[in-house]
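For reference, the structure is listed below as structure tokens.
The values are calculated or read from the model by the stated rules, or taken from the named source; none is laboratory data. All of these numbers come straight from a predicted model, not from anything done at the bench. Counting neighbours? That spans all protein chains shown, and the Cβs are built from the backbone with ideal geometry, glycine included.
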Amino acid sequence: MPSSIRASGTTEMTVPVVASAKPATRTSVARDVVWLLWQDKLAFGSAILLLLVLLCTILGPWLLTDQARAVNLLARNAKPFSLDKGWLFILGADALGRSLLARIIVASQNTMLIAASAVVISTVIGGLLGLVAGYKGGWVSATLLRLADAIMSFPSMLLAVIVLFVFSPGVSNVILVLAVSRIPIFLRTVRAEVLELKERMFVTAALAMGAKTDRILLRHIAPMVMPTVINLAALEMAFVMLVESGLSFLGIGIQPPQVTWGLMVADGRNYLGSAWWLSFWPGLAIMAVTMALNLLSNWLRIVTDPVERWRFQTSAGAK
């Protein structure tokens, strides 16, 4: 409400009293995120697709494992878009008469689990090493960078092929080798961010107040680096999923009876001339999810950058 202030003499000035701004609640933040997501229709569609894949990852194996393993030689290489054998065969059947739709849904768990686990491990380890390398500098940074260079001197696929050829292929080995191959990416990215952030005034103020190194890194610097790390993680998850699919296609990734999208593509390569759908549908799933991750990563880059977010909100509000 406005209040009157009488100065010396007869001059009277009315000063508006501004109410204190209410702190943002979780509901308002979530509403803002959904609104920003809705303004980018491609990102919104990508988020919906990834949510559906997440539901398939969680519920699919619990609901459809038996159907995915059921052999029906009468339905061998059944063509897609036919409901004669039930809705589970809408995408056709494989060489053993197993439902492709059920197998794709069940295979999503292994495919996404491997990609997510490898990215989480590489993000945590690479992020922590990047924080230390950027803040400490000197021989610590030089040593970590040389280790990163040694790992990056081998292409990710070649490194994975060599390691998995020496050791037995399996879920844990695939996750480990993919995680190790991506650690240098996060290490170098986080280190570059920390080199700039550690010169800012808030770090100097924390040092002047006697804050310890671990508190400065985890409480002050890490939150500033997090948006970049999240964007990079989304991109890396798409890359890791493609590498895992390639390894399974070459026969040195996940082994039967476990199933992934890449392994399904490999199983169908001998039937490309007569039953194209055996490789097409799992390949389409790989392409759709990797594209969705890339589109969502681009949206995250925009909304986590204050300048880009302001431009995005301005252009969206003008429509």
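Assorted remarks:
- Among the residues making up the range 61-102, those that are assigned to a loop (DSSP other than H, G, I, E, B), farther than 15 Å from W276 by Cα and polar (S, T, N, Q) are N72, S82.
- Checked against the criteria, A206 counts as touching a helix residue (DSSP H, G or I) at 6+ places or on another chain (Cβ under 6 Å), of a type in the set (G, A, S) and farther than 24 Å from E244 by Cβ.
- A160 vs. criteria under 21 Å from A234 (Cα atoms) and either buried (at least 21 other Cβ atoms within 10 Å of the Cβ) or modelled with pLDDT of 85 or more (or both): yes
- Breaking point among (1) farther than 23 Å from L247 by Cα; (2) within 29 Å of the chain's Cα centre (by Cα), for A107: (1)
- Any hit, the range 174-185, residues being surrounded by fewer than 19 Cβ atoms within 10 Å (Cβ to Cβ) and among the polar types (S, T, N, Q): no
- Conditions (1) buried (at least 22 other Cβ atoms within 10 Å of the Cβ); (2) β-branched (V, I, T); (3) in a loop (DSSP other than H, G, I, E, B); number of the one not met by I105: (3)
- The set of residues from the range 54-73 being farther than 17 Å from D94 by Cβ and among the hydroxyl-bearing types (S, T, Y) comprises just one member, T57.
- Pick from the range 175-216, criterion of a type outside the set (A, V, I, L, M, F, W, C) and outside any helix (DSSP H, G or I), ranking: nearest to V119 (Cα to Cα): K198
- Contact map, the range 245-269: first residue more than 15 Å from V106 (Cα to Cα) and in contact (Cβ under 8 Å) with a residue 60 or more places away in the chain, second residue among the acidic types (D, E) and outside any helix (DSSP H, G or I), Cβ cut-off under 9 Å, separation 6 or more or different chains; pairs are D267/D94; G268/D94.
- Residue within the range 274-289 that is in contact (Cβ under 8 Å) with a residue 12 or more places away in the chain, more than 18 Å from A118 (Cα to Cα), within 20 Å of the chain's Cα centre (by Cα) and crowded, with 20+ Cβ neighbours inside 10 Å present: yes
- Restricting attention to the range 196-223, the residues being over 25 Å from the mean Cα position of the chain (by Cα) and touching a residue at least 24 places away in the same chain (Cβ under 8 Å) number 3.
- Failed item in (1) under 20 Å from A233 (Cα atoms); (2) surrounded by 15 or more Cβ atoms within 10 Å (Cβ to Cβ), with P169 passing the rest: (1)
- Close pairs from the range 170-190: first under 19 Å from V225 (Cβ atoms), partner of a type in the set (S, T, N, Q), Cβ under 8 Å, at least 6 apart: R182/S122; R182/S156; I183/S122; I185/S122; F186/S122; F186/T123; T189/T228; V190/T228
- Every residue from the range 261-292 that is modelled with pLDDT under 90 and under 17 Å from V53 (Cα atoms): G262
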